[in-house]
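Only one structure is covered here, and it is reproduced in the block below.
The values are calculated or read from the model by the stated rules, or taken from the named source; none is laboratory data. Predicted model, so just to flag it, every value in this text is computed and none were measured. We place every Cβ from the backbone using ideal geometry, glycine too, and count neighbours over all the protein chains shown. Just so you know, the surface numbers come from the protein's heavy atoms only, side chains and all, with ligands and any DNA or RNA stripped out. Shrake-Rupley method; radii C 1.70, N 1.55, O 1.52, S 1.80 Å.
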Amino acid sequence: MKKLLVVLAAAGLLFAMSSCSKECKCKYYSDGDLKSEKTITKEDMESLGFEKCKDMNSTIELLGVKTEVKCH
């Protein structure tokens, strides 16, 4: 159940991201362990309302599981 919530939280964060270069490389962590990586295009970032890659960085703790998104 916790893993499902972490995955859903990470997916939600992905849809809420963007930057000003042609693309951002984002890494998704759960309790400090790298879980996945994704490249997000400038068009996708703009459609989500973000101007810079760093604007997509976030940390959420849910049910004792810390999920982080780090983009550059």
How much area per residue is accessible in the stretch 26-72 when the probe is 1.4 Å and only protein heavy atoms are counted (Å²)?
-> 66 Å²
So, in nm, how far is label Thr41 from label Leu63 when the simple model puts each one 7 Å beyond its Cα toward the Cβ?
-> 3.5 nm
